[in-house]
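Taking it in order: structure first as structure tokens, then the write-up.
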Amino acid sequence: MTHALQAALDTIAPPRERTRRMRTRTLADIPFDPQPVYCGELTVLTLARYNDAAVSDMIRSLKYENGAHAAALAAALLADFLVEEIAAIRAWSARPILIAPVPLHSARERERGFNQIARVLALLPSELQNGTEARAMPHLLSRLRNTPAQARLPRAARLANVADAFALSPGIDVSGAHVILVDDVVTTGATITHAATPLLAHGAAVTLVALARA
């Protein structure tokens, strides 16, 4: 979209203040602060702190506004991390590497119109999508139940909410693969760790990654 067209559209329907802020931001404005979050027997590698204003704006614009610039920044942040992570995986394993988003339930995805992490994965460099270094698989998992939003629930309810909520999509074999499973924000880790369960059950190794930690 040209700047002139964007300016014209803004006069008709002024953008949200968050979207306006996001348009001016670059990757340098998103503090890269990788830290592990320990979730029982599994660990989630997180890339940034959600309570940083720029990170929060990026995630919320991506998740609730389908923000194109936010998606591009998130993809750049994730790609920088994945290049090193994949090199580390390949140093000790010859397993093929798959990258997949934590899925939304089909009803929620229809309502929202997109899966925000699938959109980010689609913007990764081609070698992280086409199998050269890794293969992106946006439909690797399916969500069996349309669970209530995790953000509204206390910790114990979050764990029960997503138990047995995920399954490997029909016809896909992950035995012998290494799956990098990606989510947007981790709080308790309930969603992404339960999403990993069917992958582990079918013989995959997993690396869990979230753009941010709350």
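The values are calculated or read from the model by the stated rules, or taken from the named source; none is laboratory data. What you see is a predicted model; the values in this text were computed from it and never measured. For neighbour counting, all protein chains shown are included, and Cβ atoms are generated from backbone atoms with ideal geometry for every residue, glycine included.
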The range 176-205, residues that are in a strand (DSSP E or B) and either in contact with a Cys (Cβ under 6 Å, 6 or more places away or on another chain) or of a type in the set (A, V, I, L, M, F, W, C) (or both): VAL179, ILE180, LEU181, VAL182, VAL185, VAL186, ALA205
Selected residue (criterion: nearest to ALA48 (Cα to Cα)) from residues of the range 66-124 that are of a type in the set (S, T, N, Q) and under 14 Å from the mean Cα position of the chain (by Cα): GLN116
Criterion (without any contact (Cβ under 8 Å) to a residue 60 or more places away in the chain, buried (at least 19 other Cβ atoms within 10 Å of the Cβ) and in a loop (DSSP other than H, G, I, E, B)) met by exactly one of LEU73, LEU104: LEU104
Residue match in the range 87-96 (condition: among the β-branched types (Val, Ile, Thr), surrounded by 16 or more Cβ atoms within 10 Å (Cβ to Cβ), modelled with pLDDT of 95 or more and more than 24 Å from ALA214 (Cα to Cα)): yes
Matching entry among ILE86, ILE117, ILE99 (being outside any helix (DSSP H, G or I) and under 24 Å from LEU199 (Cβ atoms)): ILE99
Test: residue in the range 132-146 that is crowded, with 19+ Cβ neighbours inside 10 Å, at pLDDT 95 or above and β-branched (Val, Ile, Thr): no
